1. Specify which of the listed residues (S478, S468, S452) is farther than 14 Å from V578 by Cβ, modelled with pLDDT under 85 and of a type in the set (G, A, S).
2. Kindly indicate whether L379 is assigned to a helix (DSSP H, G or I), free of Cβ contacts under 8 Å to residues at least 12 places away in the same chain and surrounded by fewer than 21 Cβ atoms within 10 Å (Cβ to Cβ).
3. Tell me which of these D255 doesn't satisfy, since it passes every other one: (1) among the acidic types (D, E); (2) surrounded by fewer than 17 Cβ atoms within 10 Å (Cβ to Cβ); (3) in contact with an Asp or Glu (Cβ under 9 Å, 6 or more places away or on another chain).
4. Filter the range 45-90 for residues that are of a type in the set (A, V, I, L, M, F, W, C) and assigned to a helix (DSSP H, G or I) and give the result.
5. Say whether the condition of being outside any helix (DSSP H, G or I) and of a type in the set (D, E) is met by at least one residue in the range 224-240.
6. Is one or more of the residues making up the range 129-140 assigned by TED's automatic domain parsing to the domain that holds K113, out of contact with any Gly (no Cβ under 8 Å at 6 or more places or on another chain) and buried (at least 21 other Cβ atoms within 10 Å of the Cβ)?
7. Looking at (1) at pLDDT 90 or above; (2) assigned by TED's automatic domain parsing to the domain that holds I23, which is the only condition T346 fails?
8. Please verify whether the range 198-211 includes one or more residues that are surrounded by fewer than 18 Cβ atoms within 10 Å (Cβ to Cβ), assigned by TED's automatic domain parsing to the domain that holds S345 and either of a type outside the set (V, I, T) or within 47 Å of the chain's Cα centre (by Cα) (or both).
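The values are calculated or read from the model by the stated rules, or taken from the named source; none is laboratory data. None of the values given here were measured: they were computed from a predicted structure. Every residue, glycine among them, receives a Cβ derived from its backbone with ideal geometry; neighbour counts consider all protein chains shown.
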Amino acid sequence: MNRLASILKLGDMRPAMRRVMAIDAGSRRIKLLLAESDFGRVRIRKEDTIDLAAEGLVSAQEIQSHLKTLLEEWGDPPLAMVLPQHLSVSQVVDLPQAPEEEVRRLISDETVKLSGVSDSRFVHDFVRIGAPSPTSARQKFWVTFAQEGEIRERITRLGLEDLDISDVTTTANALIAAYRNGTPLGSKAILVHLGAQTTVVVVVVGGQGTFASSFQMGTDFLTRTLARQMGCPEEKAESIRVSRDLLSGPHASRDFAAVVDGWAAELKRQLDECFRHGPAAGQALETFEMIGSGGGFEQPGLREYLARQALPITPWPAPGQPELAHPGQGMEVAFGAALQALGCSTQPVSLLPEEFHAVWKRRLLRHRLDMASVVLVGLCVIVFMLATWYQVALIRDKQALLQKVVAGQELVESNQALSADLGAQYDLLRPVFAARQSMVDTMRTLSLLQQSRSNRAFWYVLLADQRSYFRQPLPPPSTNRIVRTNLLSTLAERARPTPPPVEFGPQPLVVTNASLGKPGFIAEICIPDDAEAARRTLRELVSELEKQPVFSRVDLLSDDLRRNLADPKLIIPDRNFVLALDFARAEFDQPILRRASNRPPSRRTGAAYGPPRSESTGSARPTE
């Protein structure tokens, strides 16, 4: 299997420090426990016990082969090994207050003193116990050490030297970790583990281990003694011991009871040493709860007999909370080792040799890099999926917007077509409206001119519409032009349009006479009064006519645009004036402007209907 496939295996997807297999290897049985931690919550996944005699595993090679096969079936998890307590020493060391590095040096020196004269290298670990007191100059540490050669020999015996070993702890420390799982912090207990070869005694004060000891009397010692007493093989004696109550009842044996009394006496001696001269000195034994673990306490009648000997040993307690993990019978030590390897122990002590520790750190770093790579790939996939989803949503929005734009453009085109139809229909009626408006303006003009003569001494010599007036040819130029008065000259100058600036290049076409005509009239007036009265009369007449809404412009016509159409007999020289009366334009005087392109029309309202009032007289009106 290649590297990538191994990374993507379901079992390997969990970080190495959250999944561990604890191995408690005894002389008769090997106990295996697979546990994992999910954010601090420990779960027991598998438990198994290998009976070496029942499996026929005699040699070390057979044990190693069977164990590796089982590890492969369980997914090759990291391992946590339990070192027998008789191969290690655990003790409370009282040291002065000092920095961390100084404490480490002092404990190393103290370990050498406690180990005595030995050529073997020692592996040790320590943890502070008790709450630090600012007033005290001393501090206590729980120190555990063992010979590195013994640890390596146990690893080699099980064939684990090529596997990932994350932790090595002792039986006493494993019992402390298992007991602390789900028990109150201030609890006090005496933990007695009756194994096959040894009995381990641990004293816990305030939830922390303060004393650990062991003596070479276990269930194998009881079985061998019973076999000698009964004169039978050890296998038969073991079967009798676990099936009959040999301490009371019809099968009671005084000799066997004497052996159990010897075991109880040694246990009391160990406790007496702890409570007289050890860390628990000064405390009453009766205040401690005695808890038994191991398969030896399953012997019928043993707990009851020990209770009569002032040793009330109770079974292993269940955790106070139901969701907490609880090991099976006899798996307490393996469970404690798993808790410590998963970082869920309040008093962790690791005796893993430095070489194995370095290998484990490299393996852990590699696994973390693999997990980080997998997480990074997952994040990239999620980001790409989100980006793809966003792009798809954006495309859908743009398509919806495009459909709205197309629909709007179609609506605009239909509105333009409707407007064109309405404009075409209006163009058919516009001449009718224009002719009617022209007739109304003509009648209004005639009425106004008629009213303007009331109480005034002047008469109209000529009244003609501008188109007819300007169709007539211009009179020949004359050098004897009548000199106007100052007022009339000023009015003529104001009426005369401002000549455009001289431009070079192509000149526009000359405006014809017919193009000068606008909707309106030309009125010639003859005022027989003197010059001052004539000027006043003319000003009043122009002012009155300009106020009328029918006219857009009332002004004197320039001399160069005049036509000689009036009868000379009716004209008084120097008293003849020509007025240009331009009609105000209506909306229908010019056609509706239509757009040639398909673009939507602009939002300008209204339309331009001709030049402003300041337009000169000679400007051309759009041809209808």
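1. Going through S478, S468, S452 in turn, just one is farther than 14 Å from V578 by Cβ, modelled with pLDDT under 85 and of a type in the set (G, A, S): S478.
2. Yes, satisfied.
3. (3)
4. If the condition is that a residue be of a type in the set (A, V, I, L, M, F, W, C) and assigned to a helix (DSSP H, G or I), then L52, A53, A54, A60, I63, L67, L70, L71, L87 are the ones that fit.
5. no
6. Checked against the condition, which is being assigned by TED's automatic domain parsing to the domain that holds K113, out of contact with any Gly (no Cβ under 8 Å at 6 or more places or on another chain) and buried (at least 21 other Cβ atoms within 10 Å of the Cβ), the range 129-140 yields no hits at all.
7. (1)
8. yes
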